[in-house]
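What follows is one structure encoded as structure tokens, with my remarks underneath.
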Amino acid sequence: MFSKLNFRNNARSVILFLIPRYPFAQALSLLLFIAERAHKDQNPPFPPNAIYTFVFLLFACGVGTSVSSIKPYCAALASAILLSSGGIVYFNQSLDYRYWVKFRMVHGLIGAASALLMFSFFSFDKPRPQKLWKFTGILMAFYSATQCYILLRSAEDKTAFTQFVPYTNTSLFIYMLLHGTVALCLFTNVHVYDFHVILGVLVAFKLLLVDLQISYWHKRRGLDFWNQMRLIIDHVTLLLGVLLYLVSVRRHTPQHQKI
């Protein structure tokens, strides 16, 4: 019993150390992504002042998450910045990506934003803000729902999934069914421990078998290397957010009990 509790505490400490480093990774990978595209773009895909502001805000949030008194607020602010940047990415005409690439980029940002909100929630002292908890669940549900949409509408993503995942049609059906179930559960604010386990397994499953096929995405699909790396960082952060929930909440916590 002691060893199990000790493992949960150690795992929680590691996760609470890693998630706040995400804003730094996001800012650095953005600069590397823009540098990689420099030979293609006569002008940056985003206005320079917007890039400098975005990077500055992320670094400030990253520093703020190391200060106990303000870290939940800085994490929530970083999440809001990611969501707003997702809208800018999707509607930016200067970024000459096809819709499926933009949708993948926005999808990753939604997942990372939900992980930062999860970190923000568990950084508050009890009683924690329940509205923040509900919004975190909705955002994770939206992530699962959009994952199903991407596999239905994007031939590129569906082809990649069926190429790298065994038992293609059966696996795809089960994968989408589970994501849809998780989305329905979290949209209705039913935070069942086992559904978070399923979400974590689904994220890790696709990350290992599909997203980490960097050569495939970069050479065969023409995705910029640092764009794919940013997607991987986003999904790793989401996975850490799910794990934070799993090590912070007991499996048999009643639904009516506030965490």
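The values are calculated or read from the model by the stated rules, or taken from the named source; none is laboratory data. None of these values were measured; they are calculated from a predicted model. Cβ sites come from the backbone with ideal geometry, for glycine too, and all protein chains shown count toward neighbours.
Kindly provide the set of residues from the stretch 199-231 that are surrounded by fewer than 17 Cβ atoms within 10 Å (Cβ to Cβ), among the hydrophobic types (A, V, I, L, M, F, W, C) and more than 17 Å from Val165 (Cβ to Cβ), ordered by number.
Phe225
Tell me, which residue of the stretch 232-255 that is β-branched (Val, Ile, Thr) and assigned to a helix (DSSP H, G or I) is surrounded by the most Cβ atoms within 10 Å (Cβ to Cβ)?
Of everything passing the filter in the stretch 232-255, Thr237 is surrounded by the most Cβ atoms within 10 Å (Cβ to Cβ).
Considering every residue within the stretch 232-254, establish whether at least one is more than 19 Å from Ile138 (Cβ to Cβ), among the charged types (D, E, K, R) and over 17 Å from the mean Cα position of the chain (by Cα).
Yes, there is a match, as at least one residue in the stretch 232-254 is more than 19 Å from Ile138 (Cβ to Cβ), among the charged types (D, E, K, R) and over 17 Å from the mean Cα position of the chain (by Cα).
Which of the helices (runs of 4 or more DSSP H) contained wholly in the stretch 1-96 include at least 3 residues that are in contact (Cβ under 8 Å) with a residue 40 or more places away in the chain?
Here the list reads 2-18, 22-36, 71-91.
Return the residue satisfying two criteria in turn: it lies in the stretch 206-223 and is in a helix (DSSP H, G or I) and in contact (Cβ under 8 Å) with a residue 40 or more places away in the chain, and of such residues it is farthest from the chain's Cα centre (by Cα).
Ranking the qualifying residues of the stretch 206-223, first place goes to Tyr216.
For the stretch 161-174, state whether one or more residues are modelled with pLDDT under 95 and small (Gly, Ala, Ser).
Checked against the condition, which is being modelled with pLDDT under 95 and small (Gly, Ala, Ser), the stretch 161-174 yields at least one hit.
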